[in-house]
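Single-structure report; data block below.
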Amino acid sequence: MNVHADPVADKRAEAQTAEEGIALQEEQAKYDSAFATDVAMQNTLLTPRFYTTDFNELDAIDVSPVRADWDALIAEMEADPNKGHFKKTEAWDHVDWDGMDPALKKEFIDFLISSCTAEFSGCVLYKEMKRRGTNVDVTKLFQLMARDEARHAGFINDALREAGVAVNLGFLTQKKKYTFFRPKFIYYATYLSEKIGYARYITIFRHLEAHPEHRFHPIFKWFEEWCGDEFRHGEAFALLMKTDPKLTSGVNVYWIKFFLTAVYATMYVRDHQRPAFHEALGVDPDWYAHEVFTKTSALSEQIFPITLDIEHPRWQRTLETLHRANVAIADGKATGGVAGKLKELANSAKAAWCFAALYTIPAKRHDRPESVRLEPVY
């Protein structure tokens, strides 16, 4: 089929900086819907957040201990392997949004909005570091990552526009609540976000490569190259952590375990809220979660001294209990009144207990390689 040209989207795919990409997004903001923006504005335990940090501390980083790996990574990112990739081509099939199963449409739109918000939150954080910093090494890295994330968010928003529900990203920048994290927590959370993003996207891509009959939307065809950006960003945060051994030793190992547990548990619960989406993909959510956790754990051995024991008898059982508690919390909120509030509180306590149970499963320790650099192989 012939794809309708979208000159704004095409320019954004070629943008050299995050600022260019965001400016082009704002040109299209008049077409964006209040519904999608309202969803993206939500702040809950399961929704993507916007972060800010101590930029002076980030600016003081000395990458000398990892200079060779650092320069190689920056050169790879400056070569811009995905320039021009994030735009529709003749491979962009017609999408029958009106004929899509209502449950699938609702869950897929929720997936796209959540993904768009997560990508754009990274863009905002990275762009701010580039703006505030004076450290040439660090500002260069964050400029390049902000460029990539702006492209990702814009491309997802293009898919949403076809459904008539796109996110006003400029409005999010100004109005969404920001959460302050110390730089080390930004490292842990963002490193895991990038690596688990790679694991999620490549698992879906490989599955649909083998079962194309389940590819119900063309955006999944773009996931393989997309994974490359996610992977490189994770490599960058691994190098940042490698510059200071204290970040991955001592009491900080407990923080690493906390973030591993939180990221895995959040993904599990969020994905189990989308049964129609996973059924359409031909993917069992439990299988998918285990695949993603396995890949992410293997990747994170490059820098973290521990991995979670996802084969422990308590692991899967507790995740399932956590999911049921989350469903009950939502039911309590929907019910309202005293009974609904009591149900919400009781299951919030159960969810907290589940997280504690997951956190107290003994972690697996391992030796780390001298060089943290990896190549994507999945």
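The values are calculated or read from the model by the stated rules, or taken from the named source; none is laboratory data. On a predicted model such as this, the values are computed, not experimentally measured, just so you know. All Cβ positions, even for glycine, are placed from backbone atoms using ideal geometry, and neighbour counts span all protein chains on display. These area figures cover heavy atoms from the full protein model, side chains too; ligands, DNA and RNA do not enter into them. Shrake-Rupley method; radii C 1.70, N 1.55, O 1.52, S 1.80 Å.
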Worksheet entry | Amide H contacts of D309 (H built 1.01 Å from N, under 5 Å, at least 5 apart or other chain) | K364
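Keeping all protein chains in place and using 1.4 angstrom, which order do V124, V377, V263 fall into by accessible surface area, from largest down? Could the numbers behind the result be given before it?
Details: V124 15, V377 120, V263 35 Å².
So the residues, ranked largest to smallest area, are V377, V263, V124.
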Worksheet item: Between V63, V251, V338, which gets the highest mean-square fluctuation from a Gaussian network model of the chain, Cα cutoff 10 Å?
Response: V338
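Compute the Rg/Rh shape ratio of segment 256-349: radius of gyration over Kirkwood radius, all on alpha-carbon atoms.
Values: Rg = 15.5 Å, Rh = 14.8 Å.
Rg divided by Rh gives 1.05.
Please work out how much length the chain gains when fully extended from E279 to D96, using 0.36 nm per residue of separation minus the C-alpha to C-alpha distance, in nm with one decimal.
On the way: separation 183, 0.36 × 183 = 65.88 nm, distance 1.80 nm.
Difference between extended and current length: 64.1 nm.
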Practice prompt. Starting from the Cα of T134, step 7 Å along the direction of its Cβ; do the same at E320; then give the gap between the two resulting points in nm.
Written response: 5.8 nm
Item to complete: Would you be so kind as to identify all helices of the chain, as entire DSSP H runs, whose Cα atoms reach 15 Å or more along the helix's own axis and whose mean Kyte-Doolittle hydropathy is at least -1.0?
Response: 67-78, 102-132, 136-162, 183-210, 223-242, 252-271, 285-300, 313-335, 337-359
Worksheet item: If each of L342 and S249 carries a label point 7 Å out from its Cα toward its Cβ, how far apart are those two points in nm?
Response: 5.4 nm
Worksheet item: To the nearest 10 square angstrom, how much accessible area does M77 have with a 1.4 angstrom probe?
Response: 0 Å²
Worksheet, complete the sentence: One quarter of the C-alpha convex hull surface, i.e. the mean projected area of segment 312-378 in nm², amounts to 7.2 nm²
Discussion item. Please list, short to long, the whole-number percent of alpha-carbon pairs of segment 194-273 in consecutive 5 angstrom bins beginning at zero.
Written reply: 3, 13, 16, 19, 19, 13, 8, 5, 3, 1
Response to the item:
With 0.36 nm assigned to each residue of separation and the Cα-Cα distance removed, H312 to A356 gains 14.4 nm
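Run the dipole for the chain about the Cα centre, Lys and Arg Cβ at +1, Asp and Glu Cβ at -1, nothing else charged, and hand back the magnitude in debye, nearest 20.
Numbers: 46 positive and 55 negative charges, 310 e Å.
Charge dipole of the chain: 1480 debye, to the nearest 20.
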Discussion item. Which one, S121, S249, S297, has the greatest fluctuation when you compute a Gaussian network model over the chain with C-alpha springs under 10 angstrom?
Written reply: S249
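Which order do you get for Y191, Y201 if you rank them by accessible area with a 1.4 Å probe, largest at the top? Kindly include the intermediate steps, with their values, before the conclusion.
Details: Y191 0, Y201 20 Å².
Descending order: Y201, Y191.
For segment 133-276, just run the numbers: alpha carbon Rg, then divide by 2.2 N^0.38 Å, N being how many residues it has. Spell out each step's value before the answer.
Working: Rg = 17.3 Å, N = 144, 2.2 N^0.38 = 14.5 Å.
The reported ratio for this selection is 1.19.
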Worksheet item: Just how much of E162 is accessible, in Å², when a 1.4 Å probe is used and the result is rounded to the nearest 10?
Response: 70 Å²
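Run the numbers for F180 and S64: contour at 0.36 nm per residue of separation, minus the present Cα-Cα distance, in nm.
On the way: separation 116, 0.36 × 116 = 41.76 nm, distance 2.75 nm.
The F180-S64 span can extend by a further 39.0 nm.
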Item to complete: Please calculate the 1.4 Å probe accessible area of F111, with all protein chains present, and give it to the nearest 10 Å².
Response: 10 Å²
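Calculate how large, on average over all directions, the projected area of the Cα convex hull of segment 237-300 is; give the answer in nm² to one decimal.
On the way: hull surface 19.8 nm².
Dividing the Cα hull surface by four gives the mean projection, 5.0 nm².
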Practice prompt. Assuming 1.306 mPa s and 10 °C, estimate D for the chain with Stokes-Einstein, Rh taken as the Kirkwood radius over Cα pairs, in µm²/s.
Written response: 74 µm²/s
Worksheet item: Per the helix-only calculation at 222 nm, which mean residue ellipticity applies to the chain, given -39500 (n - 2.57) for every DSSP H run of n ≥ 4 and division by its residues, nearest 500 deg cm²/dmol?
Response: -21500 deg cm²/dmol
Worksheet entry | Exposure ranking of D54, D98 by accessible area [1.4 Å probe, largest first] | D98, D54
